[in-house]
RNA sequence: GGAGGGAUGGCCGAGUGGACGAAGGCGACGGUCUUGAAAACCGUUGUGGCGGCAACGUCACCGGGGGUUCGAAUCCCUCUCCCUCCGCCA
C-alpha cells in the first residue's frame, strides 16, 4: 500500500510511475474517495461535538431537576425535552453521515489495496522480462564430454523422482521424491538453514503454513494472486504460497521498540501454488509444480538501510550457489517485471545444462514500506518518537526443486549417476554419488 | 465437540447509563532534596483521524462488529481470543 498523503500531494508523479510499471490503478477514484471522506468526517465531527456538549448539559440539568420544585421544575423539564428532541435529530444525521463514511472508507481501502508498489529510481525501465538486466554472472558452465540429460530423464532413471505416482496420488504437476532424491531435498534444507543461521545472522522460524485471509492481504498476495492459492473455505484459511506470508505477518500490528531492528528471519516451508495463471507453461519435470519446499529469508529494517540490506540479501542467496559450485547469474527486474509488492527486485538464476536454461532459484525484493503499511508494522526510531513504518525485504534462499534440478543436471556423469556436491555430503550420510 | 469464566491504558486493577480518556497502584520520564545514589515529595506519562504554518482545537478508541438510548466502558445481540473442567487426539 502506498502512503495516501503521498498520492494526494503528488498524483501526477504516482500516475507517471504506474505508466512505467505498465499497469493501471484507480488513482482518480482514490483521490475522490479521500476528498469525500474528509468532508464527511469534518461534518460528522462537528455534529458529535455538539452532541457531546449538549449531553453534558443534560446530565447537569437532570441533577438539578431532582431538586427542583413547582414551576421551576416544569420549566427545566420542558427544556430537557426540547434538547432531547434536538439531539434525537442530530443523532439521526450523525448516523446517516457515518454510514456513508463507512461506505466511502471501505471503497477507499479497497482501491488502495489495488495499487502496486512504485519502482525505486534505480530500476531500469522496460515493458516486460525481456528488458531485465543481467547484473553479473559467476562460474563457468561445465564442459561436458557427453550430452547432458534433463532432470526429467535422470530422475526416473535413478529412481529418485517418480512422476507417474505423483500424478496418480494428486494429479498433474505433482511428483514424488524417493530415496536419495528425498534425502537430497532434506539435506539441502538443513544445510541452507544452517548456512543462513550460522554465517548470515538469520534467526530460524517455524511458522504456520495455513494463514488467515488478513495475512494474504498484508503480505500483498491479495488481491492479485487470489486465483493462485489453495484455501479452506470452511475455516477461511489459506495454504501459504511462500513462507514470506507468515513471516511478513509475524510483526503485524506491532510497534517495534528502539534497538529491535534489524530483524533477520529464515524459515523453511512447503509452498502451495495453483499455477492457474501459468497453465500450460513448463509442464515437464519439477520446475513448476503445485507443491514445493523453499527456504525463505526475510528482513525487517529501518528505511534508510533497506537498499544496503537488499544487496546483502542477494549476496546471501548467491553464497548458496557459490558453495554448491553451480554457475549462477543475477538479474535485475525492469519496471515492467517488478511484480506487485517490490520497489526493486533481483532474481538469482542457476544454469541447468540438461534443460538448457537459466532457472530462477531466488527472487529478492525490497518492498520498502509497502507490506508494512498493509500489515501495520511500525518501529519507534528512538524513545519517545512517533512510530514509523519499517521496510521489509524477502528473498528465497533458495527454492528447492529447482536447486535439485540444477544439482542433478550439473553434477551428472556419463552413466547417469550424480555426484553429491561436497558441502552436502555431511548431510547425506557421507555418500559421494547417487546412482 | 460439551459446560462454565473472562477481555479496561506499558503492566496490575476500580468503575451506580450523564462529573469518565477513564479512580488507585506499579513502571517509565522530568524536577525538588542529596557530594552521588536511594528514599521521600511534586509533576508528566497512550494511539490514530480531521482542521491549522503553528500554538492548538476537535473527534474516535475500555477485545472486534452491530443494536437500544437524547447520551454507553456500563444494557442487549453477535464474533474473536484467553482461562478452567469434561471428551477426543499426534
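Could you work out [θ]222 nm for chain A from helices alone, using -39500 (n - 2.57) per DSSP H run of at least four and dividing by all its residues? Round to the nearest 500 deg cm²/dmol. Don't skip to the answer; put the middle values down first.
Values: 12 runs with 184 residues, N = 435.
It comes out at -14000 deg cm²/dmol, rounded to the nearest 500.
Between segment A:103-123 and segment A:206-261, the alpha-carbon centres lie 18 Å apart. Note: relative contact order over segment A:195-294, using C-alpha pairs below 8 Å and six or more positions apart, is 33 percent.
By the beta-carbon count within 10 Å of each Cβ, the least crowded to most crowded order of A:66, A:344, fewest first, is A:66, A:344.
What order do you get for A:369-376, A:177-184, A:79-86 when each peptide is scored by the mean count of other beta carbon atoms within 10 Å, highest first?
Details: A:369-376: 23.0, A:177-184: 18.4, A:79-86: 12.4.
So the order, starting with the most tightly packed, is A:369-376, A:177-184, A:79-86.
Determine the relative contact order of segment A:32-99: mean sequence separation of Cα pairs under 8 Å and six or more apart, normalised by residue count, in whole percent. Relative contact order, segment A:32-99: 50 percent. The angle separating the long axis of helix A:306-324 from the principal Cα axis of greatest extent in chain A is about 20 degrees. Helix A:27-67 and the longest principal axis of the C-alpha atoms of chain A enclose an angle of approximately 40°.
Given an 8 Å cut-off on Cα distances and at least 6 residues of separation, report the relative contact order of chain A as a percent.
Values: 784 pairs, mean separation 85.6, N = 435.
Relative contact order for chain A comes out at 20 percent.
Sorted by mean Cβ packing within 10 Å, highest first, what order do the peptides A:33-44, A:303-314 take?
On the way: A:33-44: 15.8, A:303-314: 17.6.
The peptides rank, most packed first, as A:303-314, A:33-44.
Give the distance, in whole Å, between the Cα centre of segment A:273-306 and the Cα centre of segment A:334-384. Going from one Cα centre to the other spans 11 Å.
If packing is taken as the average count of other Cβ atoms within 10 Å, what order do A:108-120, A:277-289 fall into, highest mean first?
Details: A:108-120: 19.2, A:277-289: 14.5.
Ranked from most to least packed, the peptides come out as A:108-120, A:277-289.
Readers should treat all values here as calculations from the given coordinates under stated rules, not as data from a laboratory. A quick note: this is a predicted structure, and the numbers were derived from the prediction, not measured. Ideal geometry is used to build each Cβ from the backbone, glycine not excepted, and the neighbour counts take in all protein chains shown.
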